[in-house]
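> Before anything else, here's the structure in question.
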Amino acid sequence: MLYSGPSGAPAPNFHESNVPMKKAPAGIVGFAVAAAALLAAQNLSEMRPLLVNRTDEVRKAVGIVAALVDADGQCVTAAGATAPGGTIVPDANTVFEIGSITKVFTSLVLADMVVRGEVKLEDPVAKLLPPTVNVPGRDGREITLLDLSNQVSGLPRLPGNLKPADGGDPYADYGPAKLYEFLSGYALSRAIGEKYDYSNLGVGLLGLALASKAGLGYEELVRRRVLEPLGMSDTAITLTDSMKARFATGSGPALRPVKPWAFDALAGAGALRSTANDMIKFLTAAMGLRETPLRQAFDLMLEKRRPTGTDGLDIGLGWHVWTKYGTEIVWHNGGTGGFRTFAGFAPAKKTGVVVLCNTSFGVDDLGLHALEPQWPALLLKPPVERKAVEVDESVLQSYVGEYELGPGFTLTVTRTAGRLFVRATGQPMLAFQAESAAEFFHAASDIQITFVKNAAGAVTHLVLHQNGADREAKKIK
C-alpha cells in the first residue's frame, strides 16, 4: 500500500471512518465460466456477506469487487456502488486504482529484462541512471536492482523532499529532478541488504531506472513488456475513453469522493489502474494456468526470496509470500487516497483472488481468507456511541510521544488545548477525545486507542482498536 504497505502483516488501516451513505444493491454480478467453477463459486459466495457487511451494513466502504479464479474458471461478486451515493454496482470491468500492486508489475519488468539478458539483478541501480546522479552507498556496497525489488535497499519509505503542492494528490508533482536531488544528498542509516524495510521510494526508483535503461517512459515500458503479452487491455496509467467511463470514484474514510492520484517519477510504486478481469489475467499467468511469454520471468520472481523478519513472511521480486495455516500465499496489496486493493494466489491450490475497493478501507483479510479459509476475515459491527470526558493535562502529556506499530510505521501522539492528536506515518492528523483517563476515541470513526502504563506509572505502549482487531504499538520516544 502507498499509505503503509506490507509491514510484516497486512497493513493497518489507520484513518477516519465513515458516515452513512445511500444504500446500493449488492449481489453476484457475473460468472466468466458458468457452473464449471464450482469450488471458486462456493468460496466466493462465502465472501459475499463480508462484502455486504462493509458496504451496506456498517458502511465502511462504497463498493467492493472480488474475483476468484482456479483451474475450472472464474467467478465474480460485488457489493455497493461505483461512486459515493450512487446506485451502479461495480463489476469485473470497473476500473480501480490498484496502488502498490503496481510494484509487482515493476518487478515483473525487471525479471523479464533479466531473462532477456538486458540487465542483471546484481547491477547497481546507478548504472541505469544519469551519471550526474549520486546514489547513496554504504560500506563499499552499492544499491542493486535486486535490493530495490526485495525492499532491502536501506532507502526510506518516502523521500524527505516529497512536499506536495496538493496533499490530496501527493505524488503528482514529484519528478525525476527532485528524486535525483534527494538521492544525491541522502546518507543511508544502515547497511544495504541488512533489513527489510518497505519503501515506495525504492520501487519508484526501480521503475524509473528500468524505463531509463529501455529508453521509454514507465507506462510504455509496462505496456510493451507486460500488458500486451498478457492481453491486459484494461490496465494503464493513462485511461482510455472506455476506461474513463468505467473508472470508479475513489472515496476517503468518510465516504466522500477524493481525487484520483497522479504519478511522475515514482510511477513504478503505485500508478497503475486496472479491473478485476484484467487482474485475473495477470494471476492466471503468474500461476501458470495459461502459457504466456513471461513464464520464465514469473518463475524468477519467486526464486529470489528473502525473509522480512516476520515469522512466515518472505519477499521475492515484488511479491510477498505468506506461509501460514499450512498454505503458501503469494500476494501484494495496494492503497491510494481513495482505493484499497489485494491480489494474490496459492500456488499449490492454483487458486487466485483479486479484491478491489473504491474506499480507503483495507481488504487484505478478504483476499487472504478467500485463499485460506482459516485466515480470519472480519465481520464488522456498527460503531458504539461514546461519550467524551475531561482528563487532566498532565495525564494527556504523559501520552505524548512516538509509538511503533510496525517496521517504518509509527503513530505520533501530540497534545493541544486539552485534546490528543495522532498522526500515522504518511497520513493526516486525527483528533481523539477521552472516554476515560486511558481510553480515547476518534469521534468520526470506529478507531479507539488505549494507553498502557507499567507498575511505575510510565507509559509503555498503546493498543490500537480498529476494524475488530487490537494491535500493540511500543512507545519508542
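Just so it is clear, none of the values below were taken in a lab; they were calculated from the coordinates. If you're wondering where the values come from, they're calculated on a predicted model, not measured in any experiment. Note that we place each Cβ from the backbone using ideal geometry, even for glycine, and neighbour counts take in every protein chain shown.
> By how many nm would the segment from Ala444 to Ala262 lengthen if fully extended, with 0.36 nm per residue of separation less the alpha-carbon distance?
Taking Ala444 through Ala262 to full extension adds about 62.7 nm, to one decimal.
> As an exercise, use a Förster radius of 41 Å and the Cβ-Cβ distance of Glu303 and Arg423 to find the FRET efficiency, rounded to the nearest 0.05.
Computed FRET efficiency for Glu303 and Arg423: 0.55.
> Relative contact order of the chain, please, whole-number percent, based on alpha carbon pairs below 8 angstrom and at least 6 residues apart.
Result for the chain is 19 percent.
> So how do 326-332, 182-188 stack up, highest first, on mean other-Cβ count within 10 Å?
326-332, 182-188
> Let me ask you something else. Which peptide among 434-443, 196-205, 148-157 comes first, and what is the full order, when sorted by highest mean count of other Cβ atoms within 10 Å?
In descending order of packing, they fall as 196-205, 148-157, 434-443.
> Work through the residues other than Gly316 whose Cβ is under 13 Å from its Cβ and net out their charges, Lys, Arg +1 and Asp, Glu -1.
0
> Also, I was wondering about something else. Compute the normalised compactness of the chain: alpha-carbon radius of gyration over 2.2 N^0.38 Å, N being the residue count.
0.95
> Could you tell me which of the pairs Lys304/Lys477; Lys60/Lys281; Lys103/Lys281 are separated by over 25 angstrom between their Cα atoms in the structure shown?
Lys304/Lys477; Lys60/Lys281
> Can you give the Rg/Rh ratio of the stretch 388-477, where Rg is from the C-alpha atoms and Rh is the Kirkwood radius?
Rg divided by Rh gives 0.92.
> Calculate, for Arg141 and Ala456, the FRET efficiency according to 1/(1 + (r/R0)^6) with r their C-beta to C-beta distance and R0 56 Å; round to the nearest 0.05.
So the FRET efficiency works out to roughly 0.85.
> Is it possible to state the helix-based mean residue ellipticity at 222 nm for the chain, with each DSSP H run of 4+ residues giving -39500 (n - 2.57), the sum divided by total residues, to the nearest 500 deg cm²/dmol? What is it?
Value at 222 nm, helices only, nearest 500: -6500 deg cm²/dmol.
> Which aspartates and glutamates, if any, have their Cα less than 14 Å from the Cα of Lys324, not counting same-chain residues under 8 positions apart?
Reachable aspartates and glutamates: Asp311, Asp314, Asp365, Glu372.
> Just grab the label-to-label distance for Ser394 and Asp241, each label 7 Å out from Cα along the Cβ direction, in nm (one decimal).
With each label placed 7 Å out from Cα toward Cβ, I get 7.1 nm.
> Grab the other residues whose beta carbon is less than 14 angstrom from that of Gly167, score K and R as +1, D and E as -1, and report the net.
Net charge around Gly167: 0.
> Give me the net charge of Ala92's neighbourhood, meaning all other residues with Cβ under 14 Å from the Cβ of Ala92; Lys, Arg count +1, Asp, Glu -1.
-1
> Ranking request for peptides 241-249, 267-275: highest mean number of other beta-carbon atoms within 10 Å first, then the rest in descending order.
Answer by packing, highest mean first, reads 267-275, 241-249.
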